[in-house]
Amino acid sequence: MTISVQFSGVCRFYGDVKAVDTVDLSIQEGEFFAMLGPSGSGKTTCLRLIAGFEQPSAGHIEIFGETAELVPPYRRHVNTVFQDYALFPHLNILDNVAYGLMIRGIKKAERYAEAEQALDLVQLPGYGARKPSELSGGQRQRVALARALVNKPRVLLLDEPLGALDLKLREQMQDELKSLQKVLGITFIFVTHDQGEALSMADRIAIFNQGKVVQVGSPEDIYQRPDTRFVADFVGSSNVIPADFADKTNTAGQWASLRPEAVRLVDSGGRTAVVISRSYLGAMTRLVLDINGIRLNALSPSNQALPADGEQIQVDWDSADVRLMDSST
Amino acid sequence: MRSNQQAPVSLKIAAAAGLLFLHLPILLIFVYAFTTEEKSYQWPPPGFTLKWFAVTWGRPDVWAALKLSLQVASISTVIAMLLGTLCAAAVSRSKFFGRETISLLVILPIALPGIITGIALRSAFSLAEIPFSMWTIILGHATFCVVVIYNNAVARFRRSSASLIDASMDLGADGFQTFRYVILPNVGTALLAGGMLAFALSFDEVIVTTFTAGQQTTLPIWMLEELVRPRQRPVTNVVAMVVVLVTFLPILGAYYMTRDGDRVDGQAR
């Protein structure tokens, strides 16, 4: 396996602010890698460090084994899909897509043919003569994608590319990006603050918090086995509860996570809980429970008999579903 | 909204009167360029002749004034374009201490009455013992030309997204190529419009010029002097007519160029 992007102890400071703080990452070739975190957690700065718009204050970045520091953005085999798409307003769609090829001095007929192919790839055939201002948000997003891909980058960086789209379009683009990445086989590095997006698309996810990478793993790892309270809180709606409450065999003072869907309604022999509220989510219903003053979310299939608000019920969970966490963060 | 209804007659008359008021005096200037009467503006003109064109052609003072005006206007426009664009880029692209103050200070000269600018420059020049020359006129004109360019450029810079430059670099363009293919096409029309306005402002400027010129005579100063002289008056009108025609053509050209501005694509074509 070739490593496409390697971060070793990379820092980026702005005065006293540590935007990126000692980050170590290695991203494999052909991987769909997501950087997930709240805004200001350093994930976009990491993307800009790979693109070359920022230089690390300390540490070392390698792209395909070559030192990346001091290589200007225009000499890196990396292309970016920008958050605001950054299409050139004075050029039509075809010239926008062909821009990188034009810069490289490729003949007009040839670069237009390649640009047309790239537009076909993102399902916008025949849009070449239009102006960016005549396209919808989703279409502009596809043009930005085509404009990056036409240069055949070895790494494609995507900065919250779906942020400005409505839900339906976003889901559709998620599927398309995923299959596009499979077809092209190049590394996609994707920055997002939407955990659903990261979980559904990425092969691996790095969770960012306050400039640091707090956990790297597959979506299953991240979701089922969060290392820290922060990850458990940020990725989905895990219950964070005292460890000795979750499982009597644990020592007090630690924290544990428990997925809401792991909480089962039982007839007897469980713990006594009071239903505080319930919300219908379609296939599942979310119950907010109170067990001796501790709040717990439970997800139950909507097709079974569900208790009413204020009702006393019995719940239980397997100790295997309890995940102990690093108590420091 | 387009209405199919006819406008009332009174409104039509008012509109016609307004247009006549604006343009009739200019037409009169043209008519007097052909009059046979040279000492006063007599109406109706006693006769028509083309001889004033030949007379004007043969007057070296007209040529000297025209040459000086063209030189002053072009050089101060070029200086203003350089400084104004750089300043606009700095103010709109980066944040630094005193940014708003600089913005205000750049715009201030156009708000000041020309006479203040003129007196201030004149005393500054004599304090620094700079002899009056074409260059002092150019400096004076550049003070207000910069404002025009700056205002046009800063508005355009603010409208174009900063990530366009990142995008261009990302796609393999170095600094020069980014300037050539992205920045220039985006601010080009704004610079053209600003440059034309600056040129026109400088070309007919009188007040600042009177304070910053020594023995030099620009075209508007020459016209002012000529009006008090009772000889060969129609020569002034001939010059005025030529100036109107000569300035009108580039404005018309620029109008068609910027109207087509959506399609200026910075590509070889």
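The values are calculated or read from the model by the stated rules, or taken from the named source; none is laboratory data. Model, not experiment: these values are computed from the prediction. Using ideal geometry, Cβ is built from the backbone for each residue, glycine included, and neighbour counts are taken over all protein chains shown. We work out accessible area using only protein heavy atoms, side chains counted, and drop any ligands, DNA or RNA first. Shrake-Rupley method; radii C 1.70, N 1.55, O 1.52, S 1.80 Å.
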What are the residues in region B:127-154 that are of a type in the set (A, V, I, L, M) and open to solvent by less than 50 Å² (accessible area, probe 1.4 Å), if any?
B:MET134, B:ILE137, B:ILE138, B:ALA142, B:VAL146, B:VAL147, B:VAL148, B:ILE149, B:ALA153, B:VAL154
For B:THR85, all conditions in the list (1) open to solvent by 70 Å² or more (accessible area, probe 1.4 Å); (2) in contact with a Leu (Cβ under 7 Å, 6 or more places away or on another chain); (3) among the hydroxyl-bearing types (Ser, Thr, Tyr) hold save one; what is the number of the exception?
(1)
Mind checking which pairs have a first residue in region A:50-71 that is without any contact (Cβ under 8 Å) to a residue 40 or more places away in the chain and a second that is polar (S, T, N, Q) and open to solvent by 30 Å² or more (accessible area, probe 1.4 Å), Cβ under 8 Å, 6 or more apart or different chains?
A:GLU69/A:GLN55; A:LEU70/A:GLN55
Does any residue in region B:48-69 that is in contact (Cβ under 8 Å) with a residue 24 or more places away in the chain come within less than 7 Å, Cβ to Cβ, of a residue that is open to solvent by 30 Å² or more (accessible area, probe 1.4 Å) and part of a helix (DSSP H, G or I) six or more places away or on a different chain, and which pairs are these?
B:LEU68/B:MET134
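Out of the residues in region A:172-211 that are over 25 Å from A:GLY42 (Cα atoms) and acidic (Asp, Glu), state the one that is surrounded by the fewest Cβ atoms within 10 Å (Cβ to Cβ). Give the steps one after another, and end with the answer.
At the first step, the residues of region A:172-211 found to be over 25 Å from A:GLY42 (Cα atoms) are A:172, A:175-176, A:179-180, A:182-185.
Still in the running and acidic (Asp, Glu): A:175-176.
On the way: A:ASP175: 11, A:GLU176: 14.
Residue satisfying both the conditions and the ranking: A:ASP175.
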Could you please find all residues in region A:77-129 being surrounded by fewer than 22 Cβ atoms within 10 Å (Cβ to Cβ), of a type in the set (Ser, Thr, Tyr) and under 25 Å from A:ARG170 (Cβ atoms)?
A:TYR127
Here are some residues: B:GLY188, B:GLY214, B:GLY194, B:GLY175. Which one is away from chain A (no Cβ under 14 Å), open to solvent by 10 Å² or more (accessible area, probe 1.4 Å) and not aliphatic (A, V, I, L, M)?
B:GLY214
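Within region A:115-128, identify whether any single residue is assigned to a helix (DSSP H, G or I) and within 14 Å of another protein chain (Cβ to nearest Cβ), and answer yes or no.
Yes - at least one qualifying residue is present in region A:115-128.
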Go through (1) farther than 28 Å from B:SER202 by Cβ; (2) assigned to a helix (DSSP H, G or I); (3) among the small types (Gly, Ala, Ser) and name the single condition B:ALA173 misses.
(2)
Can you find, within region A:302-329, the residue that is nearest to A:ASP244 (Cα to Cα) among those that are within 27 Å of the chain's Cα centre (by Cα) and in a strand (DSSP E or B)?
A:LEU324
Among the residues of region B:130-153, is any touching a Phe, Trp or Tyr at 6+ places or on another chain (Cβ under 6 Å), away from chain A (no Cβ under 14 Å) and on the phi < 0 side of the Ramachandran plot?
yes
Quick check on A:ARG142: is it among the charged types (D, E, K, R), crowded, with 16+ Cβ neighbours inside 10 Å and more than 23 Å from A:PHE88 (Cβ to Cβ)?
no
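Taking the options B:ILE116, B:ILE165, name whichever one is of a type in the set (A, V, I, L, M, F, W, C) and either open to solvent by 50 Å² or more (accessible area, probe 1.4 Å) or touching a residue at least 40 places away in the same chain (Cβ under 8 Å) (or both). Give the derivation first.
On the way: B:ILE165 fails: either open to solvent by 50 Å² or more (accessible area, probe 1.4 Å) or touching a residue at least 40 places away in the same chain (Cβ under 8 Å) (or both).
Being of a type in the set (A, V, I, L, M, F, W, C) and either open to solvent by 50 Å² or more (accessible area, probe 1.4 Å) or touching a residue at least 40 places away in the same chain (Cβ under 8 Å) (or both) holds for just one of B:ILE116, B:ILE165, which is B:ILE116.
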Just checking, how many residues over region B:197-211 are open to solvent by 10 Å² or more (accessible area, probe 1.4 Å) and either closer than 19 Å to B:VAL62 by Cα or without any contact (Cβ under 8 Å) to a residue 24 or more places away in the chain (or both)?
6
Need pairs with beta-carbon distance below 7 Å; first residue more than 14 Å from B:PHE34 (Cβ to Cβ) and within region B:220-240, second acidic (Asp, Glu) and surrounded by 20 or more Cβ atoms within 10 Å (Cβ to Cβ); sequence gap 6+ or separate chains.
B:PRO220/B:GLU205
Would region A:23-35 turn up any residue that is open to solvent by 10 Å² or more (accessible area, probe 1.4 Å), at pLDDT below 95 and at positive phi?
yes
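Can you pull out the residues in region A:15-44 that are within 14 Å of another protein chain (Cβ to nearest Cβ) and without any contact (Cβ under 8 Å) to a residue 60 or more places away in the chain? Quick ask: steps written out before the conclusion?
Taking region A:15-44 first, the residues within 14 Å of another protein chain (Cβ to nearest Cβ) are A:15, A:44.
The answer is A:GLY15, and nothing else.
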Filtered residues of region A:45-94 (kept if more than 8 Å from chain B (Cβ to nearest Cβ) and part of a strand (DSSP E or B))
A:ALA58, A:GLY59, A:HIS60, A:ILE61, A:GLU62, A:ILE63, A:GLU66, A:THR67, A:VAL81
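Of the residues that sit in region A:1-22 and are charged (D, E, K, R) and out of contact with any Asp or Glu (no Cβ under 9 Å at 6 or more places or on another chain), which one is least open to solvent (accessible area, probe 1.4 Å)?
Going through region A:1-22, the residues charged (D, E, K, R) turn out to be A:12, A:16, A:18, A:21.
After this cut, where a residue has to be out of contact with any Asp or Glu (no Cβ under 9 Å at 6 or more places or on another chain) as well, the list is A:16, A:18, A:21.
Details: A:ASP16: 155, A:LYS18: 113, A:ASP21: 22 Å².
Top of the filtered list is A:ASP21.
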Selection from region A:242-301 of residues under 25 Å from A:ASP227 (Cα atoms), part of a strand (DSSP E or B) and open to solvent by 50 Å² or more (accessible area, probe 1.4 Å) yields A:TRP255, A:ARG264, A:ARG286, A:ARG295
